[in-house]
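Student: Let me give you the structure first, and then I'll get to my questions.
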Amino acid sequence: MMSHPGEVDDLMNSARRLAGTNFSLLRNYPKEISDARKQLWPKFKDARSKHGPRNVLMLFPAALRVNGRIVED
């Protein structure tokens, strides 16, 4: 358990270094947030294919940002 959200983000960004090892990191969200993010996932994939992966972000807790605008919350 980490106390500062920035620490979690830094750790998750560093998790790429674990590629090819037997270790992995996953975020543990409450069920409500996991369910909301799961419903957004198809829209997220469609938006990434239309607008490019760098222009689409899944925000916490469950929002979709495309080209700097929140399109789904």
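Student: Picking from Ala63, Ala15, which residue would you name as being in contact with an Asp or Glu (Cβ under 8 Å, 6 or more places away or on another chain) and either of a type outside the set (Asp, Glu) or on the phi > 0 side of the Ramachandran plot (or both)?
Tutor: Within the list Ala63, Ala15, the selection yields Ala63.
Student: Taking only pairs six or more apart or across chains, which ones have beta-carbon atoms under 6 Å, a first residue in the stretch 1-13 that is under 14 Å from Tyr29 (Cα atoms), and a second residue that is outside any loop (DSSP other than H, G, I, E, B)?
Tutor: Met2/Val8
Student: For residues in the stretch 1-51 being among the aromatic types (Phe, Trp, Tyr) and in a helix (DSSP H, G or I), which is nearest to Ile70 (Cα to Cα)?
Tutor: So, considering only residues that are among the aromatic types (Phe, Trp, Tyr) and in a helix (DSSP H, G or I), the one nearest to Ile70 (Cα to Cα) is Phe44.
Student: Something else: Quickly run through the stretch 26-38 and pick out the residues that are under 13 Å from the mean Cα position of the chain (by Cα), at pLDDT 85 or above and not small (Gly, Ala, Ser).
Tutor: Passing the criteria: Ile33, Arg37, Lys38.
Student: Looking at (1) at negative phi; (2) over 15 Å from the mean Cα position of the chain (by Cα); (3) surrounded by 10 or more Cβ atoms within 10 Å (Cβ to Cβ); (4) not small (Gly, Ala, Ser), can you tell me which one Arg69 breaks?
Tutor: Status for Arg69: all satisfied but (3).
Student: Taking the stretch 41-66 as the search range and keeping residues that are hydrophobic (A, V, I, L, M, F, W, C) and more than 11 Å from the chain's Cα centre (by Cα), which one is farthest from Ser3 (Cα to Cα)?
Tutor: In this case the residue turns out to be Ala47.
The values are calculated or read from the model by the stated rules, or taken from the named source; none is laboratory data. No experiment lies behind these values; they were computed from the predicted model shown. Using ideal geometry, Cβ is built from the backbone for each residue, glycine included, and neighbour counts are taken over all protein chains shown.
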